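Working notes, beginning with the structure itself.
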Amino acid sequence: MNNLEKIGFTESLKQEALQYEHLFAARISSQHKDLYKVISEHGELQAKVSGKMSFHTLDTADYPAVGDWVMIDRNSGEHGTAIIHHLLTRKSKFERKAAGTANNRQIVAANIDTVFICMALNNDFNLRRLERYLAIAWDSSAIPVVVLTKADLCEDLERRLAEVSAVAFGVDVIPVSLLTDEGITEIKSLIGEGKTAACIGSSGVGKSTLINRIISQELLQTSGIRSDGKGRHTTTHRQLLEIPEGGVIIDTPGMRELQIESADLSSSFTDIEEYAENCRFSDCKHESEPRCAVKEAIANGQLAPERLQSYRKLQRELAYQDLKAEQREKEKINNMFGSMSALKQISRENKRKNVRR
């Protein structure tokens, strides 16, 4: 039998699960469209969402995601596919706007304690994209850690570490070489029994290879480096894997784009916000206002102008997403009351028919 506590089944989750009689707790380990794999006390089995749960779920982000804890109608696959009836409360979630133009959110990983933001030290290195990942990671309620892969390919590691440290305030930064296993022990020390980590990053940065080292098995398919120095994309779906020493880690596909759904700019841009406290005006836009401490910091070389540009860009994206969130809430209310009105109309029509009879 599986000990669910080893893979993150906390006391609060146990207490929540008790209210669902005749159902069993399980954790989502992978998802393929509408079909899930879940880990129960008696092993891994297939599962799908119940019709009732699907009917009442209006937002795609409210469907189960990898890392979620759910309540199912059986804890063994001997008698067919399990049915997911309830989603237990998430303690954290790494969330982004789904790719494309649809107004949908996507949960990349749920119930995580640590987010390993993986960035390669070769052609993938991009500080502005790292700022975006950090803003979302801080908002997820998990602890972000920056993992700099392919350290063996970096000619000036100290300079790169300094550049990352200048934008990753209060965050551990770990350089990793998968040729020498540099940094692997340090990463493993951040994951323990009952804890969950997730590897997030662009395609080809070495996330799957890193996870293979962490779990000490070649479970995930990997590919070599292309002629242009970039890694080859391998992972096609999110997957939760158990670590022999305890805990679990979630592998995620590389992200071509990372559009913000929500973010914590105060934690990821603490330098700008600290400078802003000394601006003459409390509502300073850091543009042409007199005695702007942020602009002074840029003029004195204490703050990179690109950092302020990135901050403003993310602020604009968040403001836009706030408007989208308000629109979603209105749509939910309209759908809810629209459905109720339709039911009332059907009820009235049935009453009329009965009277005629």
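Only a single item in (1) outside any helix (DSSP H, G or I); (2) open to solvent by 80 Å² or more (accessible area, probe 1.4 Å) is not met by Q15, and it is number (1).
For region 59-79, taking the residues that are outside any loop (DSSP other than H, G, I, E, B) and under 14 Å from A25 (Cβ atoms), the one that is nearest to the chain's Cα centre (by Cα) is identified as W69. If you go through region 23-46 and keep only what is in a loop (DSSP other than H, G, I, E, B) and without any contact (Cβ under 8 Å) to a residue 12 or more places away in the chain, you end up with just K33. When L121 is tested against (1) within 30 Å of R159 (Cβ to Cβ); (2) in contact (Cβ under 8 Å) with a residue 60 or more places away in the chain; (3) not aromatic (F, W, Y), only condition (2) is not met. Among the residues of region 101-118, at least one is over 12 Å from the mean Cα position of the chain (by Cα) and buried (at least 22 other Cβ atoms within 10 Å of the Cβ).
A single member of E289, E296 is among the acidic types (D, E), open to solvent by less than 80 Å² (accessible area, probe 1.4 Å) and farther than 20 Å from V171 by Cα, and it is E289.
Screening T89 with (1) open to solvent by 10 Å² or more (accessible area, probe 1.4 Å); (2) under 22 Å from I187 (Cα atoms); (3) not aromatic (F, W, Y) gives one miss only, at (2).
Assess whether L88 counts as being hydrophobic (A, V, I, L, M, F, W, C) and more than 22 Å from T270 (Cβ to Cβ). Yes. In region 151-162, the residue that is farthest from E306 (Cα to Cα) out of those that are part of a helix (DSSP H, G or I) and open to solvent by less than 50 Å² (accessible area, probe 1.4 Å) is A151.
Of the residues A197, A151, which is among the small types (G, A, S) and within 18 Å of L134 (Cα to Cα)? Explain how you work it out, then say what you get.
Numbers: A151 fails: within 18 Å of L134 (Cα to Cα).
Of A197, A151, the one residue that is among the small types (G, A, S) and within 18 Å of L134 (Cα to Cα) is A197.
Within region 46-73, the residues that satisfy the criterion of being open to solvent by 10 Å² or more (accessible area, probe 1.4 Å) and closer than 25 Å to C199 by Cβ are Q46, T60, D62, Y63. Taken across region 32-46, residues that are in contact with a Phe, Trp or Tyr (Cβ under 9 Å, 6 or more places away or on another chain) and closer than 21 Å to I112 by Cβ do occur, with at least one present.
The values are calculated or read from the model by the stated rules, or taken from the named source; none is laboratory data. Quick caveat: nothing in here was measured; it's all calculated off a predicted structure. Neighbour counts run over all protein chains shown; Cβ positions are idealised from the backbone, glycine included. Accessible surface areas use protein heavy atoms only, side chains included; no ligands, DNA or RNA. Shrake-Rupley method; radii C 1.70, N 1.55, O 1.52, S 1.80 Å.
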